[in-house]
2 protein chains.
Amino acid sequence: MSVLQGATTAIAVEPIAPIQPVRIINLAQVELGKKLFFDPRLSLSGHISCSSCHNLSLGGVDNMQFSIGHIWRMGNINTPTVLNSSLNLAQFWNGRAADLKEQAEGPISNPIEMASNHVLAVQVIQTIPGYVAEFRQVFGSKKITMDRVTSAIAEFEKILITPNSRFDQWLLGNESAITDYELSGYQIFKVSGCVACHNGPGVGGQSFQKLGIKAKYETDHPARGKADVTGKKSDINVFKVPLLRNIELTFPYFHDGQVATLEAAVDTMASVQRGLTFTRDENARVVAFLKTLTGDQPSFNIPVLPPSGPDTPRPQTFYSDGS
Amino acid sequence: MSVLQGATTAIAVEPIAPIQPVRIINLAQVELGKKLFFDPRLSLSGHISCSSCHNLSLGGVDNMQFSIGHIWRMGNINTPTVLNSSLNLAQFWNGRAADLKEQAEGPISNPIEMASNHVLAVQVIQTIPGYVAEFRQVFGSKKITMDRVTSAIAEFEKILITPNSRFDQWLLGNESAITDYELSGYQIFKVSGCVACHNGPGVGGQSFQKLGIKAKYETDHPARGKADVTGKKSDINVFKVPLLRNIELTFPYFHDGQVATLEAAVDTMASVQRGLTFTRDENARVVAFLKTLTGDQPSFNIPVLPPSGPDTPRPQTFYSDGS
């Protein structure tokens with residue numbers, strides 16, 4: 001009784017909450033969505049899948065400043081992690097997609113990402129016999145649409161949460177799960193006001209905030225955040241607060257990917273958002289705390305993809321001049 | 001007694017043998033090698049891993065005529081499957097690598113593939129704390145060398161066999177594992193002489209043979225096979241006989257990747273190697289037989305890769321002009 005009570009109390013008083021286990025999912029859609037997430041045939045070249053940039057072996061990112069897209073084109077913003085992305089109030093840095101399903105539509109047809117289009121992507125799937133059978137089983141009819149494709153991908157992405165971090169174990173009552181040093185970093189994180197935005201189960205992802213409240217965030221990057229969606233002057237440099245879950249793995253940092261290390265990212269945020277300068281010791285303690293947010297990484301078998309059929313459009317990998 | 005006897009007899013009289021289960025392996029090296037196989041940081045760009053071209057969700061290939069390499073450079077020969085590659089007498093189409101370990105050295109430093117070099121690749125691994133600890137555990141000392149890297153990758157590749165195909169079940173005595181139609185395709189395959197080269201557990205991979213014995217193999221592709229290694233005139237167009245295991249999955253076909261379908265590949269081989277013209281019915285039966293060679297695909301959890309350290313060389317993804 002007292003252990004449970006202690007755990008409940010801890011959850012109640014802390015601004016960060018443990019990641020909840022996945023409860024109701026459509027397992028058939030998850031299994032189909034996993035295949036689609038890993039299938040490079042959704043791209044024009046046959047080379048790029050969702051997992052190319054959202055590498056589940058690397059914290060759901062590619063650890064690059066900007067990702068590599070079709071014919072090695074350069075992405076225009078740092079790739080956010082797909083891990084725990086179901087905990088975001090909206091998707092993309094500027095929140096232009098309401099949910100994971102809407103997000104999944106974007107990269108498939110983006111010319112600097114997968115460079116296909118929704119008609120071609122559906123045609124590819126419709127001509128792969130194994131997918132035709134699986135869509136029929138999963139959705140109850142043979143219709144294959146982008147709506148069903150993105151529904152399945154989004155359902156798979158729901159299982160990409162990372163529970164059981166040492167910090168969550170501590171929140172749930174295991175006092176020895178983090179060290180006193182790490183705990184002191186959490187105290188600094190709280191009293192410095194970081195938890196005003198980085199809170200909840202995602203340690204972020206629950207609001208849009210201006211980047212550069214106390215000092216200008218110096219960058220040459222053209223993104224203006226939410227203003228690029230709304231056109232409002234007041235939304236300039238307003239970005240979705242990123243999740244800090246697994247932040248140790250998702251370098252480099254910020255929408256422009258210009259900050260390579262967690263140490264530098266902490267100093268930057270203290271300065272531009274809170275007007276604070278951390279000592280080396282304070283910085284190290286906050287970084288140590290942030291590393292306790294790394295949770296269990298997704299664990300599942302690599303999917304086996306159904307082979308193309310005779311009518312499946314061939315990948316357009318290289319142009320006729322070999323470029 | 002009679003069932004075992006029947007199975008033994010079947011194995012004894014057929015030129016194709018079942019894939020043997022993996023027996024002695026160094027499991028610690030396998031687990032390390034799996035990580036290295038999936039780690040894009042072995043490439044200069046941080047984008048390309050062994051699994052990019054040898055996609056284990058797609059039969060160990062990328063289903064492209066030529067693979068995509070560093071800065072979208074085009075490969076110069078069709079990527080052979082990594083599945084069952086331990087059953088080959090040598091590696092690469094022209095056999096220039098004696099074994100899997102020697103093969104693994106090649107792509108890492110090939111400028112049209114991963115475009116790194118052995119010094120840089122070792123430096124990357126040496127600066128990733130998780131790898132340093134794992135090498136010490138696996139090899140008993142902290143030394144990280146390309147020799148140890150390729151040893152681990154090769155050990156992982158040994159487990160990438162595909163046993164339990166329907167044809168192997170039939171070889172092992174389960175008479176209902178393949179249909180009469182598929183069995184008739186196998187009879188055609190045998191009486192046509194295909195088994196002279198496509199035999200053993202790999203259904204190939206055991207000899208070098210001239211491509212174009214009965215008729216010229218028409219291609220614009222510059223590869224001259226073994227002659228590119230030995231310089232001997234008699235080795236022109238002599239290639240390692242490819243494995244036919246999982247051949248349904250490893251399209252397109254031939255070293256130049258110019259044949260898209262299994263039906264066309266069967267007709268081409270009948271013609272250029274045996275001087276035969278199959279009827280549509282014979283072709284369909286042989287294709288049906290070949291599809292019974294698809295075995296259990298490798299099944300394991302996606303690896304979780306250790307994060308880079310502060311001194312890990314950054315990926316050189318784009319050149320300074322953004323190209």
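A few comments on the model shown:
- Test for A:Asp235: is it modelled with pLDDT of 95 or more, of a type in the set (Asp, Glu), out of contact with any Gly (no Cβ under 7 Å at 6 or more places or on another chain) and outside the structural domain of A:Leu83 (by TED's automatic domain parsing): no
- Selection of first residues in region A:122-134 that are in the same structural domain as A:Asp39 (by TED's automatic domain parsing) and touching a residue at least 24 places away in the same chain (Cβ under 8 Å) and of second residues that are in a helix (DSSP H, G or I) and charged (D, E, K, R), restricted to Cβ pairs under 7 Å at least 6 apart or on distinct chains, gives the following pairs, ordered by first then second residue: A:Val124/A:Arg41.
- In region B:155-180, the residues that are touching a helix residue (DSSP H, G or I) at 6+ places or on another chain (Cβ under 6 Å) and of a type outside the set (Val, Ile, Thr): B:Glu155, B:Phe156, B:Glu157, B:Lys158, B:Arg166, B:Gln169, B:Trp170, B:Leu171, B:Leu172, B:Gly173, B:Ala177
- Some residue of region A:309-316 being surrounded by 14 or more Cβ atoms within 10 Å (Cβ to Cβ), in contact with a Lys or Arg (Cβ under 8 Å, 6 or more places away or on another chain) and within 10 Å of another protein chain (Cβ to nearest Cβ): yes
- All positions within region A:273-293 that are surrounded by fewer than 19 Cβ atoms within 10 Å (Cβ to Cβ) and either outside any helix (DSSP H, G or I) or away from chain B (no Cβ under 14 Å) (or both): A:Arg274, A:Gly275, A:Leu276, A:Thr277, A:Thr279, A:Arg280, A:Asp281, A:Ala288
- Residues that are of a type in the set (Gly, Ala, Ser), within 22 Å of B:Leu262 (Cβ to Cβ) and open to solvent by 30 Å² or more (accessible area, probe 1.4 Å) do not occur anywhere in region B:231-238.
- Selection count, region A:24-35, where residues are surrounded by 24 or more Cβ atoms within 10 Å (Cβ to Cβ) and either touching a strand residue (DSSP E or B) at 6+ places or on another chain (Cβ under 8 Å) or among the hydrophobic types (A, V, I, L, M, F, W, C) (or both): 1
- Set side by side, the residues B:Ala154, B:Ala115 differ, and just one is of a type in the set (A, V, I, L, M), within 30 Å of B:Val304 (Cβ to Cβ) and outside any loop (DSSP other than H, G, I, E, B), which is B:Ala154.
- Here B:Glu263 fulfils each of the conditions (1) at the interface with chain A (Cβ under 10 Å from one of its Cβ atoms); (2) touching a residue at least 60 places away in the same chain (Cβ under 8 Å) apart from (2).
- Flag if B:Gly185 is part of a loop (DSSP other than H, G, I, E, B), out of contact with any Gly (no Cβ under 8 Å at 6 or more places or on another chain), at pLDDT 95 or above and within 30 Å of B:Val287 (Cβ to Cβ): no
- Candidate set from region A:156-174 (those that are open to solvent by 10 Å² or more (accessible area, probe 1.4 Å) and among the β-branched types (Val, Ile, Thr)); member that is nearest to A:Ala121 (Cα to Cα): A:Ile159
- Considering residues of region A:36-50 that are at the interface with chain B (Cβ under 8 Å from one of its Cβ atoms) and touching a Pro at 6+ places or on another chain (Cβ under 6 Å) only, the residue surrounded by the most Cβ atoms within 10 Å (Cβ to Cβ): A:His47
- Restricting region A:51-105 to residues that are among the small types (Gly, Ala, Ser) and within 14 Å of chain B (Cβ to nearest Cβ), the residue that is farthest from B:Ser57 (Cα to Cα): A:Gly75
- A:Ile153 surrounded by 17 or more Cβ atoms within 10 Å (Cβ to Cβ) and not assigned by TED's automatic domain parsing to the domain that holds A:Thr268: yes
- Residue under evaluation A:Leu249, criteria (1) farther than 15 Å from A:Trp93 by Cα; (2) surrounded by fewer than 16 Cβ atoms within 10 Å (Cβ to Cβ), criterion not met: (2)
- Scanning region A:67-86 for residues that are in contact (Cβ under 8 Å) with a residue 60 or more places away in the chain and either under 20 Å from A:Val229 (Cβ atoms) or open to solvent by 40 Å² or more (accessible area, probe 1.4 Å) (or both) yields A:Ile71, A:Asn76, A:Ile77, A:Asn78, A:Pro80, A:Ser85, A:Ser86.
The values are calculated or read from the model by the stated rules, or taken from the named source; none is laboratory data. Please read these numbers as outputs of a predicted model, since none were measured by experiment. Note that we place each Cβ from the backbone using ideal geometry, even for glycine, and neighbour counts take in every protein chain shown. Heads up: the accessible areas ignore ligands, DNA and RNA and are worked out on the full protein's heavy atoms, side chains in. Shrake-Rupley method; radii C 1.70, N 1.55, O 1.52, S 1.80 Å.
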